[in-house]
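Engineer: Structure incoming, see below.
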Amino acid sequence: MRKEDRGERCKRLFNTQKSAFDVLEESDGDAIENLSSSYKDFIDSSKTERECVENSRGMAEQWGFRPYQTGMAIKAGDKLYTEDNNKNIILAVIGKNSLADGLRIVASHCDSPRLDLKPNPLYEEDGQAFFKTHYYGGVKKYQWLAMPLELRGVAAKRDGTVVDIQVGADPYDPVLVISDLLPHLSADAYKKTIGEGFTGESMNALLGIKPDPEEGDDRVKLAVMSWLYEKYGIIEEDFRTAELSLVPALNARDVGFDRSMIGAYGHDDRCCSFAGLQAILETEQPQNTAVCVLTDKEEIGSEGVSGMISSHFDTFIGDLCRTQGVELNHCYAKSLCLSGDVCNAYDPNYPDVHDKRNNAKIGYGLGVFKYTGRAGKAGSSDASCETMARTRRLLDKAKVKWQVGELGKVDQGGGGTIAMFIARRNIEVVDVGIPVLSMHAPFEVIAKVDLFMCYKAYYALFNEV
């Protein structure tokens, strides 16, 4: 037998990281662009979790999904969905196998960092009207200054009528803005830390300066409130029961001369949500029941009635199990979940906080994380060797380009996902998501090829044989 030379042994034994572009098939080019185009339309119209759920429901119904009713009979091939509080949605395609054989789950979140209006947001000061805000999720506050902002959300009137509000999305709409301090007067500000120089209480959005024609106090505030009443029929008291947010007035754009990337607000985590949604829409007759979960509140710990910590998921799956006489816990114990959340991409501009050997890179495929968490893996599910190997086989079989990832250098920070809440249900779970540059900024960046690999991975899980 011929002895291998050194080059052959290195090729066989070493792990060589390649760009995802180096492993694409000839037919992938059009598929990547078509998927990316659909995604850009989706994310532009889904800038809040409510909008994401509403758009997902509309797409699902076009693909034949119908709302689940407690106790309804189910059979293989049925396409069902259930919502909770208009902020999360679970879609399922019933498999050929019994639920006793487990589920194939993709779970992601559809909330993103933003600026929420306070319950009493509207005030006037020195001839200018403002909204007071309370930021949601992990934001760098300075990134939201001098940024065009849209107002999106809902307001409930005294009689319970809910009104959809959207200002700034249409190119002819006005936008709002939080002013920044000019550099000429920033000598003292430059001496402060970022946390000291940019405070949450100063993030007040400018609404107008034109006073109401009638004499009296708060003339600009009255003019603003009159405009809102004329357009939406709301009064100031309705802010107390409203869910209104300021989000960047920016549409998704191709990034780079090669158009290889997408820049947009809310990639974290609507890119994984979209990939999971598209994958389950195209799933017809899976062996095991396929489930896509789009949940809320991940950015603040997955708490609340619409977060992954709630019992909505258990109630729905428990109902399905009862129709087949299956114990819920037995179903969970045989299930596999890909927790679809984005990961940080290695950034050569900030090498000091990354472990280059273990950090995912943009354009190199899907990021697979054995663990996330902070300072000693706190807040992580830490997938087992067997679960990682099972995921590896699944991705390799589907020709998905993937890479391992870690959230920067040890003790630099870190973060969590919804994986630990899946794991608490005794479901095998591993984090599998898209690398992102400028994560949590108003304009994040992902690679189109990574989005495509994410979709392929989720589709492979749903249609695993």
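The values are calculated or read from the model by the stated rules, or taken from the named source; none is laboratory data. Bear in mind the structure is a predicted one, so any value in this text is a computation, not a measurement. Note that each Cβ is placed from the backbone with ideal geometry, even for glycine, and that neighbours are counted across all protein chains shown. We work out accessible area using only protein heavy atoms, side chains counted, and drop any ligands, DNA or RNA first. Shrake-Rupley method; radii C 1.70, N 1.55, O 1.52, S 1.80 Å.
Engineer: Taking the Cα-to-Cβ direction at D258 and at H134 and moving 7 Å from each Cα, how far apart do the two end points lie in nm?
Structural biologist: It works out to 4.6 nm between the two label points.
Engineer: Could you give me the ³J(HN,Hα) list for region 453-461, computed from phi with Karplus coefficients 6.51, -1.76, 1.60 and θ = phi - 60°, whole Hz, x at Gly and Pro?
Structural biologist: For region 453-461, the Karplus-derived couplings read 5, 5, 4, 4, 5, 5, 5, 5, 5 Hz, x marking Gly and Pro.
Engineer: If you don't mind, there's one more thing I want to ask. Amide H of A249: which non-local residues (sequence gap of 5 or more, or other chain) have their own amide H closer than 5 Å, using H built in the peptide plane?
Structural biologist: L149, E150
Engineer: Leaving ligands, DNA and RNA out of it, report the carbon-plus-sulfur percent of the accessible area of the chain at a 1.4 Å probe.
Structural biologist: Details: 11160 of 22490 Å².
Ligands and nucleic acids excluded, carbon and sulfur reach 50 percent.
Engineer: Now, a different point. Please state the shape class of region 272-345: rounded when a/c is under 1.5, otherwise prolate if a/b exceeds b/c and oblate if not, all from the C-alpha gyration tensor. If you can, show how the numbers build up before the last one.
Structural biologist: Values: a/c = 2.12, a/b = 1.27, b/c = 1.67.
Here region 272-345 falls in the oblate category.
Engineer: Additional query: Taking the Cα centre of the chain as the origin and placing charges on Cβ (Lys, Arg +1; Asp, Glu -1), which of T315, G266, G216 is farthest toward the positive end of the dipole?
Structural biologist: T315
Engineer: Could you rank the peptides 105-111, 78-84, 447-453 by their average count of other C-beta atoms within 10 Å per residue, with the highest value first? Write out the running numbers ahead of the final one.
Structural biologist: Working: 105-111: 28.7, 78-84: 19.7, 447-453: 27.1.
Peptide ranking by packing, descending: 105-111, 447-453, 78-84.
Engineer: Now, a different point. Restricting everything to alpha-carbon atoms, can you work out Rg to Rh for region 302-373 with a Kirkwood hydrodynamic radius? Don't skip to the answer; put the middle values down first.
Structural biologist: Values: Rg = 18.4 Å, Rh = 15.7 Å.
With Rg and the Kirkwood Rh in hand, the quotient comes to 1.17.
Engineer: If the rule is a partner Cβ under 4.7 Å, which cysteines in the chain fail it?
Structural biologist: C10, C271, C272, C292, C321, C331, C337, C343, C385, C454
Engineer: How large is ³J(HN,Hα), in whole Hz, for each residue of region 380-396 in order, when computed from phi with the Karplus curve 6.51 cos²θ - 1.76 cosθ + 1.60 and θ = phi - 60°, using x for Gly and Pro?
Structural biologist: Each residue of region 380-396 in turn: 10, 7, 6, 4, 6, 4, 5, 5, 5, 5, 4, 5, 4, 4, 4, 5, 5 Hz.
Engineer: In whole percent, what relative contact order does the chain give with Cα contacts below 8 Å and a gap of six or more residues?
Structural biologist: Details: 993 pairs, mean separation 103.4, N = 465.
Here the relative contact order equals 22 percent.
Engineer: So for region 152-286, averaging the separation of alpha carbon pairs under 8 Å that are six or more residues apart and normalising by length, what relative contact order in percent results?
Structural biologist: Working: 109 pairs, mean separation 33.1, N = 135.
It comes to 25 percent, rounded to a whole number.
Engineer: Quick check on region 49-163: what does the Kirkwood estimate of hydrodynamic radius come out to from the alpha carbon pairs, in Å?
Structural biologist: On the way: mean 1/r = 0.0554 Å⁻¹.
Result for region 49-163, one decimal place: 18.1 Å.
Engineer: Might you tell me the accessible area per residue for the chain, computed with a 1.4 Å probe and given in Å²? Write out the running numbers ahead of the final one.
Structural biologist: On the way: 22490 Å² over 465 residues.
For the chain, the per-residue accessible area is 48 Å².
Engineer: Here is a follow-up. So who's got an amide H within less than 5 Å of the one on D431, skipping anything under 5 residues away but keeping other chains? H placed 1.01 Å off N, in plane.
Structural biologist: S339, F369
Engineer: Could you tell me which of the pairs K18/K397; K40/K361; K297/K399 are separated by over 27 angstrom between their Cα atoms in the structure shown?
Structural biologist: Details: K18/K397 17 Å; K40/K361 21 Å; K297/K399 33 Å.
From K18/K397; K40/K361; K297/K399, over 27 Å: K297/K399.
Engineer: Moving on. Specify whether the C-alpha gyration tensor of region 390-465 places it in the rounded, prolate or oblate class, a ≥ b ≥ c being the square roots of the eigenvalues: rounded for a/c under 1.5, otherwise prolate if a/b is larger than b/c and oblate if not.
Structural biologist: Working: a/c = 1.97, a/b = 1.23, b/c = 1.60.
Verdict is oblate for region 390-465.
Engineer: Given the peptides 292-302, 255-265, 434-444, arrange them by the average over their residues of other C-beta atoms within 10 Å, most packed first.
Structural biologist: On the way: 292-302: 23.8, 255-265: 16.7, 434-444: 21.6.
So the order, starting with the most tightly packed, is 292-302, 434-444, 255-265.
Engineer: I would also like to ask the following. If I model a spin label at Y142 and A187 as a point 7 Å from the Cα along the Cα→Cβ vector, what separation in nanometres do I get?
Structural biologist: Modelled inter-label distance: 1.9 nm.
Engineer: Specify whether the C-alpha gyration tensor of region 168-308 places it in the rounded, prolate or oblate class, a ≥ b ≥ c being the square roots of the eigenvalues: rounded for a/c under 1.5, otherwise prolate if a/b is larger than b/c and oblate if not. Don't skip to the end; give the middle numbers.
Structural biologist: Numbers: a/c = 2.08, a/b = 1.55, b/c = 1.34.
Taking the square roots of the gyration eigenvalues as a ≥ b ≥ c, region 168-308 is prolate.
Engineer: Take the residue pairs K132/K210; K47/K334; K47/K409; K47/K140; K47/K75 and return only those whose Cα atoms are more than 25 Å apart. Don't skip to the answer; put the middle values down first.
Structural biologist: Working: K132/K210 19 Å; K47/K334 35 Å; K47/K409 31 Å; K47/K140 18 Å; K47/K75 35 Å.
Listed pairs above 25 Å: K47/K334; K47/K409; K47/K75.
Engineer: Considering only M203, G233, A92, whose Cα is most displaced toward the positive end of the charge dipole of the chain, charges sitting on Cβ of Lys, Arg (+1) and Asp, Glu (-1)?
Structural biologist: In the chain, that residue is A92.
Engineer: If you don't mind, there's one more thing I want to ask. Could you list log10 I(q)/I(0) for region 231-290 at q = 0.23, 0.26, 0.28 Å⁻¹, which the Debye formula gives when each Cα is one point scatterer?
Structural biologist: Summing over Cα pairs of region 231-290 leads to -0.99, -1.10, -1.17.
Engineer: Next question. Suppose only helical runs count, i.e. DSSP H with n ≥ 4. What mean residue ellipticity at 222 nm does that imply for the chain under -39500 (n - 2.57) per run, divided by all residues and rounded to the nearest 500 deg cm²/dmol?
Structural biologist: On the way: 11 runs with 123 residues, N = 465.
Result for the chain: -8000 deg cm²/dmol, rounded to the nearest 500.
Engineer: Moving on to the next point. How big is D for region 260-413, in µm² s⁻¹ as a whole number, if Stokes-Einstein is applied with the Kirkwood radius of its Cα pairs at 25 °C and 0.890 mPa s? Intermediate results must be reported in sequence, preceding the final value.
Structural biologist: Working: Rh = 17.8 Å.
The estimated diffusion coefficient comes to 138 µm²/s.
Engineer: In degrees, nearest 10, range 0 to 90: what is the angle between the Cα axis of helix 267-281 and the longest Cα principal axis of the chain?
Structural biologist: It works out to around 50 degrees.
Engineer: Within a Cβ distance under 13 Å of D355, other residues only, what is the Lys/Arg minus Asp/Glu net charge? Write down the numbers at each step before the final one.
Structural biologist: Numbers: positive: K356, R357, K361, K409; negative: D347, D352, E406, D411.
My count for the surroundings of D355 gives 0.
Engineer: Now, a different point. When only alpha-carbon atoms are used, what values of Rg and Dmax, in angstrom, describe region 115-221?
Structural biologist: According to the Cα coordinates of region 115-221, Rg and Dmax are 16.0, 51 Å.
Engineer: Same structure, new question: Give the Cα extents of the chain along the principal axes, in whole Å, largest first.
Structural biologist: Sorted largest first, the three principal extents are 96, 58, 42 Å.
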